[in-house]
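Trainee: The structure follows.
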Amino acid sequence: MKIDADTVTPVRTSSKKLRDLRKKQIINLYTSGVTIEEIIVQSELSEEQVNEIIAEYVAH
């Protein structure tokens, strides 16, 4: 099987995209009025991680 370099996605890029997508999801839930406790349950992130994402959002 031949692997073309153009079809291989670097892991870092993919991981960053996933992190960015997860951050957007957290912010969407937060701005929709979902409680932090529920965001933690839905996202499966720690309370600290969720609070960091929200704090970064609020600061900007």
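The values are calculated or read from the model by the stated rules, or taken from the named source; none is laboratory data. If you're wondering where the values come from, they're calculated on a predicted model, not measured in any experiment. For neighbour counting, all protein chains shown are included, and Cβ atoms are generated from backbone atoms with ideal geometry for every residue, glycine included.
Trainee: Out of the stretch 42-51, which residues are more than 14 Å from Lys24 (Cβ to Cβ) and either in a helix (DSSP H, G or I) or of a type in the set (A, V, I, L, M) (or both)? Let's see the steps before the verdict.
Mentor: If we filter the stretch 42-51 for residues that are more than 14 Å from Lys24 (Cβ to Cβ), which is where we start, we get 44, 46-49, 51.
Correct list: Glu47, Glu48, Gln49, Asn51.
Trainee: Run down Ile39, Ile26, Ile54 and say which single residue is part of a helix (DSSP H, G or I), in contact with a Ser or Thr (Cβ under 7 Å, 6 or more places away or on another chain) and in contact (Cβ under 8 Å) with a residue 12 or more places away in the chain. Break it down stepwise before answering.
Mentor: Working: Ile39 fails: in contact with a Ser or Thr (Cβ under 7 Å, 6 or more places away or on another chain); Ile54 fails: in contact with a Ser or Thr (Cβ under 7 Å, 6 or more places away or on another chain).
None of the others qualify; the one that does is Ile26.
Trainee: On the given criteria, is Ile3 part of a helix (DSSP H, G or I) and either modelled with pLDDT under 95 or surrounded by 15 or more Cβ atoms within 10 Å (Cβ to Cβ) (or both)? Full working, then the answer.
Mentor: On the way: part of a helix (DSSP H, G or I): no; either modelled with pLDDT under 95 or surrounded by 15 or more Cβ atoms within 10 Å (Cβ to Cβ) (or both): yes.
When the stated conditions are applied, Ile3 does not pass them.
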